[in-house]
Amino acid sequence: MSASSSPSTWQIPVDFTITKAPLGLTGAGDLTVYDANGNFVFRIKRCSNSHPRRIKTLFDAMGNPLITVVHHNDGWQAFRGDNYERNDLIFTVEKTLYSPIKTELEVFLSGRNQGDLKPSFRLKGNPFRRSCTIFNGNSIFAQTSLFYKLRKVIYSRRKFRLTVYPGNDPVLVMAMLVVFFGGS
């Protein structure tokens, strides 16, 4: 058996389940993320409605703020932790297409050359259908989809799947999805 076919060297995608809190309850619209074994991993919470900007924060399972996403002018910005300092900027997001059936976003990582106008990531899909594909160049970085059940006509949009492909950062993916699914 060669080293590349050994199970210890396989790189497999990582699946997560994302659940959206129903409207009318405390935390309506907040997202909770579980790993494939059902363990709580992340929570995405909205800042209070009294704040003039739309702000969402990604927390780890221990309640530590990992990334805060802030609506800024016509786009979004993501920062490390729970602050909005320019030196903690991770990425900015711009909408390139928005329609009822299709949304496309471009993500620009900070720290890249200012003259580089090429996005680091592109997100394409339909937020209503909970479908999003994140591309890094021509490669798929991560994907979301609804859970489908055989013989069921109506599917819940409150619970959906996220697949993060090998070698990619789930925290970065979650931060981008905060904009894609909560950016409107």
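The values are calculated or read from the model by the stated rules, or taken from the named source; none is laboratory data. This one's a predicted model, so the numbers in the text were calculated from it and none came from an experiment. Here Cβ is always computed from backbone atoms with ideal geometry, including for glycine, and neighbour counts include all displayed protein chains.
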Please tell me if Gly167 is at positive phi, outside any strand (DSSP E or B) and at pLDDT 80 or above.
-> yes
Somewhere in segment 13-27, is a residue out of contact with any helix residue (DSSP H, G or I) (no Cβ under 6 Å at 6 or more places or on another chain), crowded, with 16+ Cβ neighbours inside 10 Å and modelled with pLDDT under 90?
-> yes
Looking at segment 100-120, is at least one residue at pLDDT 90 or above and within 21 Å of Lys20 (Cα to Cα)?
-> yes
Could you please let me know if Gly75 is out of contact with any Lys or Arg (no Cβ under 9 Å at 6 or more places or on another chain) and among the small types (Gly, Ala, Ser)?
-> no
Do we have Arg43 as more than 17 Å from Leu177 (Cβ to Cβ), modelled with pLDDT of 90 or more and within 16 Å of the chain's Cα centre (by Cα) here?
-> no
